[in-house]
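Worksheet: one structure, shown below.
We did not get these values from a lab; they are worked out from the coordinates using the rules stated. Please read these numbers as outputs of a predicted model, since none were measured by experiment. Counting neighbours? That spans all protein chains shown, and the Cβs are built from the backbone with ideal geometry, glycine included.
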Amino acid sequence: MTSDAELIGRSQAGDGQAFMEVISRHEGAVGAYLARRVGRAAAEDLLGEVWVAAFESRGTYDRSFAGARPWLYGVALNRLRRYWRSRPAEDLVPDATSLASGWDPWPAVDTRVDTQAVLRAALARLRPEEREVLTLVAWEGLTAADAARVLGRPAGTARRLLHQARIKASGGTLPGDASLVIRTQTIGGRSPDVSYNLYTDSGAFGPAARQKIWAQAKAKSAEIYKEKGLTFPANPPTGKARQELADNYLWNNSVDALSAGAGDPQVREGVLRLLSTISGVTVAKSTAGGQPTLTLTAGPEVFGGAGSEVLTINGRTGMPVKAVMPAEGNVPSSVQTFQVSRVTLAGIEAGRF
């Protein structure tokens, strides 16, 4: 079958029927895209505007993409934005009256409840760009990469927005008032080292206690420097060295932050947004144990030019699942697994965990 790109090229060359074929192929999908966001009546008016705008801008189409649907959704989105600017503020949240059949981005939602109210509330929690990428993937069946084409954003940004949207829309806080993270670390095939880490939602230990822990860690670092015959740096680094150190600290502390933020989707969202600012970190979709996950890879630039680490987090909750550091030179490999559960401080104090 002739591709959309070929038809658009023929249309540019003067074939009057070629673009009509493009319209015929995608009219239903684009009409549904509009109807889900503004209702059927307004969608019928906007659909004609979309085809006029698409025809007039067909010269800008990137024909390296065989399928034109993401591009057409982008044209439709621009028309929607003009429409929304002319509407009252309360109409900016999409009405969930005409959802695509079978759409269920949050399987835990009982379909017997008032679906329209549930989804309207879930969508209202999202920023506009998060809402759009989520609905493009959930309602229109696009990949994150195609959603990025619609929005005119890099694919990595669209994947991050999609993950943030899923976390926010998943329903807020988890049970309990603390997270218990059992870390099992195996270095170079040695016996596993198991640690129990308790993260309270309220920060129960307070700033003073945390500052004391920080001071103790700094003193311990100075002792290690002394044992190795090195001079503990008197002044903080500057320039590139400072940036690399900041990136390293941010990466290393992200695991703790993701664990500690188990009760707050906004914390998890913020951590992922910070990680996206590190040029040496990449994000990819993955699965683990049949569950959707994200794989975050930190390259050598995050570790002073040598080494790397791969962190796998739960795609819905943002909680860490596994961290792997391959062997590098004389440094053995390291594998950490995370068993995360929500607990109560009262239960911990009573020995129930």
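With a 10 Å radius around each residue's Cβ, average the other Cβ atoms per peptide and rank 40-47, 126-133, 311-318, highest first.
Values: 40-47: 15.6, 126-133: 18.9, 311-318: 21.5.
Final packing ranking: 311-318, 126-133, 40-47.
Which lysines, on any chain, are close to residue 212 with Cα under 17 Å apart, when same-chain ones fewer than 8 places away are left out? Straight-line reach from residue 212, under 17 Å: 220. Packing, taken as the mean count of other beta carbons within 10 Å per residue, orders the peptides 242-251, 216-225 from highest to lowest as 242-251, 216-225. Straight-line cross-link partners of residue 322 among the lysines, defined as a Cα under 25 Å from its Cα and at least 8 positions apart when in the same chain: 168, 285.
So if each residue of separation counts as 0.36 nm, and I subtract the Cα-Cα distance between residue 224 and residue 256, what length gain in nm does that give?
Values: separation 32, 0.36 × 32 = 11.52 nm, distance 2.29 nm.
Answer, rounded to one decimal: 9.2 nm.
Here the 3J(HN,Hα) profile of segment 247-259, calculated from phi with Karplus coefficients 6.51, -1.76 and 1.60 at θ = phi - 60°, is 4, 5, 4, 4, 5, 5, 7, 5, 4, 5, 5, 5, 5 Hz, Gly and Pro shown as x. Ignoring lysines fewer than eight residues from residue 218 along the same chain, the ones with Cα atoms less than 16 angstrom from its Cα are 226, 228. May I ask for the distance between the Cα centers of segment 1-43 and segment 306-324, given as a whole number of Å? Here the answer is 41 Å between Cα centres.
Based on other C-beta atoms within 10 Å, arrange 163, 26 from fewest to most.
Working: 163 25, 26 22.
The fewest-first ordering by Cβ neighbours comes to 26, 163.
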